[in-house]
Amino acid sequence: MLSQELTDQLNHQLSLEFFSANLYLQMSSWCHSHGLDGCGTFLRQQADEERLHMEKFFDYINDAGGYAVIGAIEQPPHTFGTVSDVFEQIYAHECKITKEINQLLKAAFEAGDFSTFGFLQYFALEQNEEERLFQSILDKIKLIKVEQQGLYLFDKEIASMSKQLQSASSAA
Ligand code: OFO
């Protein structure tokens, strides 16, 4: 049975996952409105994935005997300078989420709640994967010199990454 303290911490994470979903959905809108349909589609997929994360927390809290509560979700930013700014903000955001997940893992471990600790393992691996994914996109941005002449090429590259992720998740 979940302690009230861990329930509160998991609920906080649930709201953060919701915020991540809204942030990426908003960014996808910005990309589409700037003619970057490949990036827009990719970020929409990421938003859908974050919504699934939110639902995983929601279900786990209730299944483990806690009470899932959706807190206030901060409005995401909606103006961005360039597509590089978008991906830099995403990378920084994911690093922040990794810290939150690590703190949750520590709290579950210290409380001797190994069921919650096990549940959180998925997110630790997921964060590792996402940090690497977004770091690789930042590397591409540098390689392609996106803001000078490579915007079109970059958008195509992200579109093909989006297709690969889509087929990998439908094969899973
Ligand atoms: Fe970064 O994927 Fe949710 O937590």
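Only the coordinates and a few stated rules stand behind these numbers; no lab work does. These numbers were taken from a predicted model, which means no experiment stands behind them. Cβ atoms come from the backbone with ideal geometry, glycine included; neighbour counts cover every protein chain shown.
Where in the stretch 1-101 are there chymotrypsin sites (Phe, Trp or Tyr not before Pro) that are in a DSSP coil and have at most 13 other Cβ atoms within 10 angstrom of their Cβ? Listed in order of number, the matching sites are Tyr67.
Amide H to amide H distances under 5 Å link Ala68 with Asn62, where only residues 5 or more positions off or on other chains count and H is placed in the peptide plane. Residue-wise HN-Hα couplings along the stretch 18-25, as the Karplus relation 6.51 cos²θ - 1.76 cosθ + 1.60 with θ = phi - 60° gives them from phi, are 4, 4, 4, 4, 5, 4, 6, 5 Hz; Gly and Pro carry x. Working note: Cα gyration tensor of the chain, eigenvalues times five, square-rooted, sorted largest first, giving semi-axes of 32, 15, 14 Å. How far, in degrees from 0 to 90, does helix 114-144 lean away from the longest principal axis of the Cα atoms of the chain, to the nearest 10? Between the helix axis and the principal axis of the chain, the angle is about 10 degrees.
Cross-link reach is defined here as a Cα-Cα straight distance under 26 Å, omitting same-chain residues fewer than 8 places apart; for Lys145 the lysines meeting it are Lys156, Lys163. Taking θ as phi - 60° and the Karplus parameters 6.51, -1.76 and 1.60, the scalar couplings of the stretch 100-106 work out to 4, 5, 4, 5, 5, 4, 5 Hz in sequence order, x denoting glycine and proline. If a/c stays under 1.5 just call it rounded; otherwise compare a/b with b/c (prolate if a/b is bigger, oblate if not). Do that for the stretch 27-111, with a ≥ b ≥ c from the square roots of the Cα gyration tensor eigenvalues. Taking the square roots of the gyration eigenvalues as a ≥ b ≥ c, the stretch 27-111 is prolate.
Counting 0.36 nm for each residue step from Asn102 to Ala72 and taking away their Cα separation leaves a gain of 8.6 nm.
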